[in-house]
1. Determine which single condition B:ALA83 fails, assuming it passes every other condition in (1) open to solvent by less than 10 Å² (accessible area, probe 1.4 Å); (2) under 25 Å from the mean Cα position of the chain (by Cα); (3) more than 14 Å from chain A (Cβ to nearest Cβ); (4) not aromatic (Phe, Trp, Tyr).
2. Inspect all residues belonging to the stretch B:149-159 and state whether any of them is over 18 Å from the mean Cα position of the chain (by Cα) and without any contact (Cβ under 8 Å) to a residue 12 or more places away in the chain.
3. Considering only residues that are among the small types (Gly, Ala, Ser) and facing chain B (nearest Cβ under 10 Å), which ones fall in the stretch A:85-107?
4. Answer yes or no as to whether A:VAL219 is crowded, with 20+ Cβ neighbours inside 10 Å, among the hydrophobic types (A, V, I, L, M, F, W, C) and out of contact with any helix residue (DSSP H, G or I) (no Cβ under 9 Å at 6 or more places or on another chain).
5. Within the stretch A:170-200, count every residue that is surrounded by fewer than 17 Cβ atoms within 10 Å (Cβ to Cβ) and in a loop (DSSP other than H, G, I, E, B).
6. Which of the numbered conditions does B:PRO2 fail, given that it passes all the others? Conditions: (1) modelled with pLDDT of 90 or more; (2) not in a helix (DSSP H, G or I).
Amino acid sequence: METAIEVRNLITHYGDREILKNISFSIPKRKTTVILGGSGCGKSTLLKHLIGLLKPTGGEILINSNDITKINEDEMNGVRKKMGVLFQGAALLNSMTVAGNVALPLREHTKLNASTVNIMVRMKLDLVGLSGFDKFYPSQLSGGMKKRAGLARAIALDPEMLFFDEPSAGLDPVTAAGLDELIVNLRNVFGMTIIAVTHELPSVFTIADYVIMLDKGQVIFAGTLDELKASDNPRIRMFLERKPEQEMYSPEDYFKIIAGE
Amino acid sequence: MPSIAENLIGLAGKKARSVFRDINDASKIVNDIFYWSCISPLKGKPLRFRASIYEMVKAGYNSVPIIAVISFFIGIILAFQAAYQLKKVGALIYVANLVGVSITRELGPIITAIIVSGRSGSAYAAEIGSMKAAEEVDALISMGINPVRFIVVPKLIALMVMVPALTLFSDLIGITGGFVLSVSVLEIHPYNYFQQTVNALLVKDVLTGLMKAWAFGVIITVVGAYQGFKVTGGAEEVGRRTTAAVVASIFLVIVFDLLFTALFYYFT
């Protein structure tokens, strides 16, 4: 198994609070890896580290054998050109049309002339099913369409790696399933390495080849989807079977908490 | 339990730390802005001229009406106030000197700067702040596009050009305001007023005003951008930062005005 990203001993803090506690894992190339976990387990923070938006307190993140925690901004931008990111709210620039948004990375990083850029923009929009919407502004689009436009922008430079932050959050089941299908197609057709952060189980079962599960800042599982389904780790079972967290403290402790002692 | 003295020292330390952090953040932004507007174009990263022109229209052209009206009124007010004193000594004609010099040296630049910080400084903080809240800034970074270069530099260029331009316009309209009042209410002969103004004004009066205006443009952009990039939360913080941007830029404009005025007083 070829690895696309290797994370070694990653530690990170927000202020004094430790978010990721010395985690290590690797992400396979040309597969879809889902980073799974409950709210507040550090998975969004992990994603921000992987795309170089945050610098960790310690540890290494190797992408194509470059440690992105140590390289400078120019070198990082070189790495970023091979990455596409779809943010949770799509993060389209509201001051530009959909076409302008998709054309942005092409205009900034290539020397293609305007007509070629226009053709490429139309191709990408067609790929995500948004032909004819190029003149629309992001505020005129629905949530699902925004995500697809964001995806078109993320794949504008034909990246090797594609990151998704909660791809199906806030979408109705049909739209979410449509987006999942797009993700599967991108991996099958273009052989992209896809990394998605999510907690939506239906989406995980559709798109994932490989799963990394985080719990309270630690990796509690890394393996294929079948291995995840067969796991007997109680935390994983709770997550997969949608069971609520067990009673955390005894009545005496509870009394102490509400009495403020 | 820490004693009162320890608490006080702790409090002072915490305040000092946050002030130093603010200074540090602000200097980083200033550094970035000057790198991306002055150094990186020399390295072959072109400036975004079309975006700059768009910003110029928004910040400059669109504020022409309000600046015209306010400057006209200020000119009239100034002529009235000057006449109130000067007519006692029978030197009404010197209204022209007073209006001309105080508008070009002081009131033109400052009125323009205050209007522009209210209109554009707040808009910059709100725009950048909401882009930050909607992860648009993160999206730019992840596309390998520097947000300072992409968002702030066009605004900086726009204000560096437009604040002096608006100031010149404000000077003209302000003097016209004084002229209109003087020839009508004060019954000064139009030609005399015109001659008196031309004689009173020196090129350096206008130029020092324009230099100030240029600096005010830089201050307004930097403060707006700084407050915008400081947003980490949601809509409520965008509002707070927008207010802070206006207050801070007006304050800094006045501080720098004082500095420049003192400098020009001694060195021109």
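The values are calculated or read from the model by the stated rules, or taken from the named source; none is laboratory data. The shown structure was predicted, so the numbers you read here are calculated from the model rather than taken from an experiment. Glycine also receives a Cβ, built like all others from the backbone with ideal geometry; neighbour counts cover every protein chain displayed. Areas reflect the complete protein model, heavy atoms only, side chains present, ligands, DNA and RNA absent. Shrake-Rupley method; radii C 1.70, N 1.55, O 1.52, S 1.80 Å.
1. (2)
2. no
3. Taking the stretch A:85-107 and keeping what is among the small types (Gly, Ala, Ser), we get A:89-91, A:95, A:99-100, A:103.
Across the stretch A:85-107, the qualifying residues are A:GLY89, A:ALA90, A:ALA91, A:SER95.
4. On the way: crowded, with 20+ Cβ neighbours inside 10 Å: yes; among the hydrophobic types (A, V, I, L, M, F, W, C): yes; out of contact with any helix residue (DSSP H, G or I) (no Cβ under 9 Å at 6 or more places or on another chain): yes.
So A:VAL219 passes the test.
5. Here the count works out to 3.
6. Just one mismatch for B:PRO2, condition (1).
Per-residue answers, yes or no, for (1) surrounded by 10 or more Cβ atoms within 10 Å (Cβ to Cβ); (2) basic (Lys, Arg); (3) closer than 23 Å to B:PHE256 by Cα:
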| residue | (1), (2), (3) |
| --- | --- |
| B:LEU8 | yes, no, no |
| B:LYS15 | yes, yes, no |
| B:ASP22 | yes, no, yes |
| B:ILE70 | yes, no, yes |
| B:GLY90 | no, no, no |
| B:ALA96 | yes, no, no |
| B:VAL99 | yes, no, yes |
| B:ARG105 | yes, yes, yes |
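For (1) away from chain B (no Cβ under 14 Å); (2) out of contact with any Lys or Arg (no Cβ under 9 Å at 6 or more places or on another chain), each residue gets a yes or a no:
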{"site": "A:LYS21", "(1), (2)": "yes, no"}
{"site": "A:LYS29", "(1), (2)": "yes, yes"}
{"site": "A:THR45", "(1), (2)": "no, yes"}
{"site": "A:LEU50", "(1), (2)": "no, yes"}
{"site": "A:THR57", "(1), (2)": "yes, yes"}
{"site": "A:ILE63", "(1), (2)": "no, no"}
{"site": "A:ASN66", "(1), (2)": "yes, yes"}
